[in-house]
Amino acid sequence: MLVVNICSGSEQLILLFTFALVKAQIWQLSSEFACMSNFLAEELLAGQAGYALATFQTCLDHVHSLNLA
């Protein structure tokens, strides 16, 4: 019996982006996120940049929950 694990595009994006964040070893990741979220223009939040920022925040929250220290 063949078992196929099907993930949506957004689920795969979260997994890949989280992996990339961990491998990049950016020490001030929370500060980088805060800077981007504070200075991103309001009109951009409804578009592609807002989606990217929300994806970044989701991955950042997941990385913090892993306690990789």
With the other protein chains left in place, how much accessible area per residue, in square angstrom, belongs to the chain at a 1.4 angstrom probe? 82
Would you work out what percent of the accessible area of the chain, with all protein chains in place, is carbon or sulfur (probe 1.4 Å)? 62
Here the Kirkwood hydrodynamic radius of the chain, Cα-based and in Å, equals 13.5
Environment charge at C59 (Cβ cut-off 15 Å; Lys +1, Arg +1, Asp -1, Glu -1): -2
Note down the relative contact order for the chain as a percent, whole number, built from C-alpha pairs under 8 angstrom at least six residues apart. 46
DSSP H segments from the chain that extend 18 Å or more along their own axis, Cα-based, with Kyte-Doolittle mean of -0.5 or above: 9-24, 48-66
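The values are calculated or read from the model by the stated rules, or taken from the named source; none is laboratory data. None of these values were measured; they are calculated from a predicted model. Methodologically, a virtual Cβ is constructed for each residue, glycine included, from the backbone with ideal geometry; neighbour enumeration extends over all protein chains shown. With ligands, DNA and RNA removed, areas are computed over all heavy atoms of the protein, side chains included. Shrake-Rupley method; radii C 1.70, N 1.55, O 1.52, S 1.80 Å.
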